[in-house]
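First the structure, in the form of structure tokens, and then the observations on it.
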Amino acid sequence: MSNADNQGRKGAETTGHVWDGDLQEYNNPVPMWWTWAFYGTIIFALVYWLLYPAWPVGKGFTTGTFNDITFVNKKGEEVTTHWNTRALFLKDQQTGEQAVKQREYLDKISQSSYQEIMQDPDKMAFVNSMAKVLFADNCGPCHGKGANGVVGLYPNLRDDDWLWGGTIEEVERTIKHGRNGYMPSFAGVFPKEKLESVAAYVLSLSGIVGEDKAKIEEGKHIFQGEEGGCYYCHTDKGTGLKSQGAANLADKVWTIANVPAAATYEEKLAAVEKVIVEGVNREMPAWQGRLPEEQLKLLTVYIHQLGGGK
């Protein structure tokens, strides 16, 4: 069958290519709507390149004609820059509908006392919502996102043990001005036997008692006497001093010596001995000046209501 005969039968134009005698290629152009859509994508690309940042040029790039995005940076300075998604996001955070609502609530928090905030369910809902994120970003790296702390390093903020006091005013002071927890090292001060005695007495304050009662009595004499002088900070009853951040050793809450994780009495004794020998030196930085006042207030309320020790 010839090409002409095939065209006559089919009524369609071919490209003129024939394979195996009768296999031909029809000449079917794409629909016009598809052609115009393709041209439209080219026009769209050209317009986009003119309006928005697009092509790299040397060490920079074409910035387009959108240069009117204005936002406030972290230093409080008003910045105008060319269009980009980051600048658009920052502007939306400051002037968007949700940002405006958040600002209104922050103003309410700033103008309210701590008591008014804690007695208002709506304000507390806002505190818990926003402060949870603030805590995770700023406090979570040390205390953990759940505020459970790390024994030996960072205090658990969910228990009843507030080393520097758990009232709303004391929590605020801790956050704003920071704290420096310090206990001197007693390495080389006590021989091994006396070190064990002091550790045994410290354990006994929280109800963990070994078989050697004489050792506990010796430890008590050292703890409450001038030889050890432990009572200066922890008091003669071992209940601690909030003014010094000295731990209450009689409340069964262990913030540095990981006594609960020890399986045997000897291991618990070793955990306390380690703290006595090495001492304590841990610091929490001051956050005043690093975060806005209203955010510090949110964190104060949030952290205060996490723990039970008021």
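Structure notes:
- Relative intensity, log₁₀ I(q)/I(0), of the range 163-310 from a Debye sum that treats every alpha carbon as a point, q = 0.11, 0.17, 0.20, 0.21 Å⁻¹: -0.48, -0.95, -1.18, -1.27
- Considering only alpha-carbon pairs that sit under 8 angstrom and 6 or more positions apart, the relative contact order computed for the chain is 18 percent.
- Convex hull of the range 75-196 built on C-alpha atoms - directionally averaged projected area, nm²: 12.5
- Calculated semi-axes √(5λ) of the Cα gyration tensor in Å (choose from (i) 30, 22, 19; (ii) 47, 22, 18; (iii) 73, 30, 18), label: (iii)
- Highest-MSF residue in the chain out of Gly165, Gly40, Gly210 [GNM, Cα springs under 10 Å]: Gly40
- Computed over the range 179-284, relative contact order equals 38 percent, with contacts defined as Cα pairs under 8 Å that lie 6+ residues apart.
- Fewest-first ranking of Cys139, Cys233, using other Cβ atoms within 10 Å as the exposure measure: Cys233, Cys139
- When the C-alpha to C-alpha distance is required to be over 19 Å, the pairs from Lys145/Lys242; Lys213/Lys268; Lys91/Lys176; Lys91/Lys145; Lys91/Lys297; Lys123/Lys242 that qualify are Lys145/Lys242; Lys91/Lys176; Lys91/Lys145; Lys91/Lys297; Lys123/Lys242.
Read-outs: derived from the displayed coordinates by stated rules, not from any lab. Bear in mind that the values here come from a model prediction, so they are computed numbers and not experimental data. Using ideal geometry, Cβ is built from the backbone for each residue, glycine included, and neighbour counts are taken over all protein chains shown.
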